[in-house]
Amino acid sequence: MGEKFKSQVVAEMINNVEKIARDYELGIKKNKFEIKCPYPKIIQTYESIIQMLINYSWNEQAMIFNEQIKFYQEKLEKDKKLREIKVQKMQKWKEIEELYKIKEINTLRTVILSLNKEERILDFEEKKKEKLKESEEIFNMIDNAERMAKEYEKEIKKGRILYLDCPYEKLIEIYKEVVKRFESIGWKEESSKLIDSIRYYNDKLEKDKRLREIEERKLAKE
């Protein structure tokens, strides 16, 4: 094998490994750490070149490439450290992402709890409005009942009882309904107080009946 040819073979091997090294380092600069580190293979290639040159009895030339081997061994160590740092950074980012997810979940939970609270408040306000409306209707029923009683009692004082319809039975039914409606909205104390009103109008009803009997007897005598 001619010296020129031998030199070309060695030069080609060197060019190939140096190109591999350049391409790799360019990729690393772009954070392409998924690329496998070629330095061990490059070191092996330079060891093969040295052995080849020794076989050609080119001992002096062979010794030159020892520096290249040291150069790429240093690069290999730096690459290992860089990859360790990269792994640590990725782990930290993963931890941060997990924390962010937890924070996000906590935030979501807080939002849900807040919405639940708002829903309960709205529900309470709605029930309060319903309760208020119900109580207004009940008090209107009581006012109307009392008005009917007053108007009737005003008229019977004029001695016209036999010409009027007694409202007390109707008033008693109204108060019974009021008691039920008070209980339905939780106003049990108020509803129990109305029992006295029912007794009151029951007494009124009995007195009204007796008064009517008296008036009828008077009218019969005339």
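The values are calculated or read from the model by the stated rules, or taken from the named source; none is laboratory data. All values derive from a computational prediction rather than experimental measurement. Heads up, the Cβs are rebuilt from the backbone with ideal geometry, glycines too, and the neighbour counts pull from every protein chain shown.
Structural remarks
- Selection within the stretch 33-73 - basic (Lys, Arg) and in a helix (DSSP H, G or I): Lys41, Lys70
- All positions within the stretch 154-168 that are loosely packed, with under 13 Cβ neighbours inside 10 Å and either closer than 17 Å to Lys207 by Cβ or not aromatic (Phe, Trp, Tyr) (or both): Lys154, Lys157, Lys158, Gly159, Arg160, Leu162, Asp165
- Note on the stretch 58-72: among residues that are modelled with pLDDT of 85 or more and of a type in the set (D, E, K, R), the one that is surrounded by the most Cβ atoms within 10 Å (Cβ to Cβ) is Lys70.
- Condition check for Glu173: farther than 21 Å from Arg147 by Cβ, part of a helix (DSSP H, G or I) and out of contact with any helix residue (DSSP H, G or I) (no Cβ under 7 Å at 6 or more places or on another chain): no
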